[in-house]
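One structure is given below, encoded as C-alpha cells.
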Amino acid sequence: MTDTDPHEDRPEYRRSIQGTTYRTRPAERGGGSEYVPDAADRSRRAFLAAIGAGAGALALGTGTVAADHDEIPRDSVELGDRGIPTPWLHREGNELRDPEGNRVVLRGVNVTDPARAESLLWRSPLWQNIEHATDPDRDWYSRVIRIPVQTGDVANVDPDDGSILGSPTDEVDPGEFTKAQLEAYIEGYLRPAVDFCADVGVYCIVDYHRHDDQSVEYTDPDLYEEVTMFWETVAPEFAEDSHVLYEVYNEPIGPYAGEGQNEDHDVFDPEGEETWLLWRETAQPWVDTIREHAPDNVIIVGSPRWSQWTYWAPEHEFEGENLAYAAHVYTHENLRPLAEYFGDPAEEVPVFLSEFGWTTDFNADFLVGTPEEHGQEFYDFLEEYDSIHWQAWCFDPFWQPIMFDFDDSTHEWELLGGDYQGEFFRDYLAEKRDDDIPLASGGSDSPPAPAELSVTRSSETTLELAWTAVDAASSYGLYVEGDFEAETDATETEITVDSTGELEVGVTAIDADGNESTPVTRTVSAGDGPPAIDGTQPADTTGDGLYNDFTSSGSTTTTDVTVFFEHVDDPAITEYPQYYDFTGNGRVTVTDVVELFDSL
C-alpha cells in the first residue's frame, strides 16, 4: 500500500488507502495534506544491520518512535520481558488451540511492508515498529503482527544485491516481479522481520497483499502464475517457524458472477454464493500449494469483494487442514450488522478480522468514524464473538486509517487519541493481554507439572486450590477454562470465579528462566454443590461448606456415614474434595469418613 490515496472512482467497498506522495495531517496539527519527499536506493543491508548491529533509532518515550535509520543499532535496544509462547497452533471447530488444547485468540496490529519501511529515509525500520507494538513499557501488547507483502515493493528490489531500485509503488501488473526479486526480498526484508517477531515473542501473518487495481481479476492467468510462484517460494521458507501464519491473498476483488463487476453488491445477492464458489475453485490450488510446502502453518483464506464475503465460508469450506478465513470491514454502512456478516460465520469456522478500524478525516466515507460509535461497535462485537482473531489497521502514521501522527522535523511518531483509533486499540490490547494466550509447549527445557492438584474449597465466587510443589519451579501459573488468571510462588491460593457449574482449572510450574510446564488440570464444580450419589443430592446442613447429609434427612446420622463410606472411592466424591475433605488435607479418604463419624 502507498502512503495516502487520490481515491478516484472507487466504490464504497474499497477500504484502507495510503498514497505515496501526500498524506493527511490530523486536525489538531492543522489539517490538510502535505508533501512527503521520496528517498530511493535503500539497501537491504540496512534492515539486516538493524536486526544485527546496524542502524535504527528508537525514542523510548511513552508514545513516540523515531525514524532516523542511522542512530541506534538494533542490538543496543533491550527487549526485556515481553511476548508470549508461540507454539504450533491447530484448528478445532471454530477455534485455534495450542498443543495442550488451550484456546488461543491472536490480537494485534498490521504494520507496513518491510521493504517499504526501508525505501524511504523518513520511515522507521520495521523492527522498530514491531518493537513498539509489543513494548509493555509503552502499554502495547500485540500478540500477532500482520506483515503485508506488496507486489510493488517486491518488484522494487534489485535481484542481485537486494537494494531498493527506486521510489516505491503499491502494485505492479501480474507477473512483473520475478522469482529472483522475491527471493532477494525474502532474504533482505521479510525473513529479518519474521525473525524479529520470534525474538519479541509474537506470532506473525505473512500476507500476499494485493488490493488496489480493480481491473485485475483473481481468475487472470498471469495472476494465477504469480500467486502460485509466490507461495511456492514463500511457504517453504517459513515452514518450520511455529509463529508464522500464511494469508493466501489479501483482498481478491472480482470477478462477480453477475453483472456490474465493480458496482456495490451484497453477499446475500443471488449471485453471491456463485461468486464464492468461483473464488474457491480458483484459490484452492493456492491453498494446496502452501500446504504442500508447509504442512503445519495455519492458512488464512480471504474472499471476493475485498475479503468482505466471509459469510459463505462455513457453507462452502476450502479443502485442507488448519484453515481459517479472513474478514475485512471498516465503517461500511452496507456491512452492518457485523454479527450477520462476520459474527455468524465465526460461530462455525475460525475468523481473522485482519483489517478493520476507522479515521476521522479522510476522503473515503467507509473509513470515517468515531470511537463512540464505531470503536464501541467493534468492541462490543469482538467481546460477543470472542473467538475472532483481530489485527487492527494500521500501526503507522501514513497508511490509513492511521494510529500515529508524524513530526516532520524530528520524524517521531506520536500516538493519536481523541477521535482517532490509536489509543483505543492500544488500550484494548492491554485489556486483553492475558486472555487466550498459548501455554509453552512443555518441551525438554520446561519443568515438570505439579503431580497433584486439588480444590480444597469452592463457593459461587471463589475457588481454593492446592497442589504439590515442583523443585525446579520458582512460581506457578493459574488458569481457569484455559485462560491465565494469576502467577504465584505459593503452592496454594484462592482465586475469584464468576461462574457456577463445571470449570476446568489448571496449574503450571514456571522455572527461573520463564520455561513453563504443561498444566495439571481438574474439572471442578463451582458454587452449585457436588453431584448426586445414588440419586440423592448431598447437602451441607451446618453451613461450613462441607456436605454431611447424604440421605436428605436434614442432619448427619450413622446412615449418612455408611453411605459416605460405601462411596468414598467413587469419582463423585474423590473428584470433589472441596465438599468432603473433613480432615483438611486436600483429598478424600476413609479418614474423612472417620472424621464425620466422630462429629456425631
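Some values worked out for this structure:
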quantity	calculated
Beta bridges per DSSP with both ends in segment 302-441, % antiparallel, nearest 5	25
R0 of 35 Å, Cβ-Cβ distance Glu78-Gln376: FRET efficiency to nearest 0.05	0.45
Relative contact order for segment 286-375, counting Cα pairs under 8 Å that sit 6 or more residues apart, in percent	26
Order by protection proxy (mean Cβ within 10 Å, highest first), peptides 575-585, 471-481	575-585, 471-481
Under-5 Å amide H pairs with Ala324, H placed in peptide plane, nonlocal only	Ile299, Ile300, Val301
Gain on full stretching of the segment that runs from Asp445 to Ser215 - 0.36 nm per residue minus C-alpha separation	77.5 nm
Contact order normalised by residue count of segment 84-218, Cα under 8 Å, 6+ apart, percent	26
Nearest-20 debye value, segment 286-365 charge dipole, Cβ charges on Lys, Arg, Asp, Glu	220
Label-to-label distance, nm, for residues given as Ala339 and Thr178 (7 Å Cα→Cβ offset)	5.5
Relative contact order, percent, segment 180-310 [alpha-carbon distance under 8 Å, six or more residues apart]	31
Coil-residue GluC sites (Glu not before Pro) of segment 321-351, DSSP, other Cβ within 10 Å capped at 10	none
Approximate spin-label separation Val594-Thr228, in nm, with each point projected 7 Å along Cα-to-Cβ	7.8
Alpha-carbon radius of gyration plus Dmax, which is the widest Cα pair, for segment 370-520 in Å	20.5, 62
Highest average packing first - 128-134, 373-379, Cβ atoms within 10 Å	128-134, 373-379
Spin-label pair Thr574/Glu431, simplified geometry with 7 Å Cα→Cβ offset, distance in nm	4.5
Additional length obtainable on full extension of the chain from Leu277 to Leu165, 0.36 nm per residue less Cα span	36.4 nm
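Coordinate-derived values only; no laboratory data. In this text the structure is predicted, and so the values were computed from the model without any measurement. Backbone-built Cβ (ideal geometry, glycine too); neighbour counts: all protein chains shown.
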